[in-house]
Each structure stands twice: as structure tokens, then as C-alpha cells.
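This report concerns only the one structure given below.
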Amino acid sequence: MNLNILPINIEEITYSNLPKLQKLSINTFNDSFRSENGSFTDYTENNYNYGQLAVEMMNSNSHFYFIYFNHRLAGYLKLSLNSAQSKDMGPDALEIDRIYLRKNFEYMDLENKLINFAFEQAQKYHKHLIWSSVWEHDESIIYSYNKFGFKVFDHQSFILGDKEQKDLLMKTTI
């Protein structure tokens, strides 16, 4: 089957999609990190509860998007501008805050579609720098970012479960 002919749609998430976003956020986060780190219910309950996601969605500088592959929800993207960025990278920057795909949708080029979409949004908002914080062990997204010209410029530590982890800070200019 030729996967290139199946439809891929990226749609902005509205507030009415909050329950679907909340469930997808927890599932994709757990799928991405559980194998390396065990259980971290506290983290997902604090960061992906309805209240927290609603606050993020109501921020006019935060933008969430679902990606559909062959009409099936495959994952989501969160972009942050200006004061919504997790690190102050200035008014000229757009942060790719989250790219998460559901299991069975990996390796279908969807990460690249979302990164390309982020570039389009950066142009729309007149941003000239795109950056992201990437878990050091997420080789597939690091590979994708490298293909788009992202380079590591710093790193930061964070606690997940009971382990200290490292994120690579990556950026590129457009």
C-alpha cells in the first residue's frame, strides 16, 4: 500500500476538543516515555489535566493542532509564541512545544509533516527562529529536527518520575 496517497490533515484544536486532547496527551506521553522511565501518574495528572490544558488553550500565544492520517487521529502538535514559550527566546521565536504521535503512527513521516507545518506557522506569525526542547533519547524526533537544520544549542535537566532526565535545546532559523 502506498502511504503517500492516504490523506493527512492538520486541524487546529478548539476548546470543544479538550476531552479528546486530554486523553491523547496522556496516552501519547505515556507511550513515549514509559518504557524508559516506568510509571509517572503524578506528572501526567499535573501537566495534562483538564484545568492545565484549558489554561494553555486559552492563552492566545498557544496553538494546538491534531494530525489525522487516513481520517484517524494520529497525534498532536503544540506551538508556543511570545510569553507562552517555556523559555524566553525572544519575540522572533516560535517554540515547537510538543509533538506526540500515537503508537502505530510512528515512522509514517508524520513528525516531518508537523515540523514542516510549524515552519509554515512561523512564517504566518513572522517568526525567524524555531526551537524545541527534545528528550535526549528521542532519536526519531532528533533525526527529524536535524533534517530540517536544527542544531543543539544548550541542554536542560528535568525530573520525570524519580529520575533526572536531559532535554536537548535545538533551534534553526528560517
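The values are calculated or read from the model by the stated rules, or taken from the named source; none is laboratory data. Given the structure is predicted, the values throughout are model-derived calculations rather than measurements. No Cβ is skipped: glycine too gets one built from the backbone with ideal geometry, and neighbour counts run over all protein chains shown.
Points worth noting:
- Annotation note: Cβ proximity below 7 Å between a residue of region 7-23 that is exposed (fewer than 12 other Cβ atoms within 10 Å of the Cβ) and a residue that is assigned to a helix (DSSP H, G or I) (sequence gap 6+ or interchain) occurs for Tyr15/Met57.
- Residues in region 59-78 include at least one that is of a type outside the set (Asp, Glu), farther than 19 Å from Tyr15 by Cα and part of a loop (DSSP other than H, G, I, E, B).
- Taken over region 76-96, the residue count meeting the criterion of being buried (at least 23 other Cβ atoms within 10 Å of the Cβ) and on the phi > 0 side of the Ramachandran plot is 0.
- Any hit, region 124-134, residues being without any contact (Cβ under 8 Å) to a residue 40 or more places away in the chain, assigned to a strand (DSSP E or B) and surrounded by 14 or more Cβ atoms within 10 Å (Cβ to Cβ): yes
- Complete set of residues in region 135-169 that are of a type outside the set (Gly, Ala, Ser), free of Cβ contacts under 8 Å to residues at least 12 places away in the same chain and either part of a strand (DSSP E or B) or surrounded by 16 or more Cβ atoms within 10 Å (Cβ to Cβ) (or both): Phe158, Ile159, Glu164
- Every condition in (1) modelled with pLDDT of 95 or more; (2) closer than 17 Å to Tyr100 by Cα; (3) of a type in the set (Gly, Ala, Ser) is met by Ser140 except one, and the failing one is (1).
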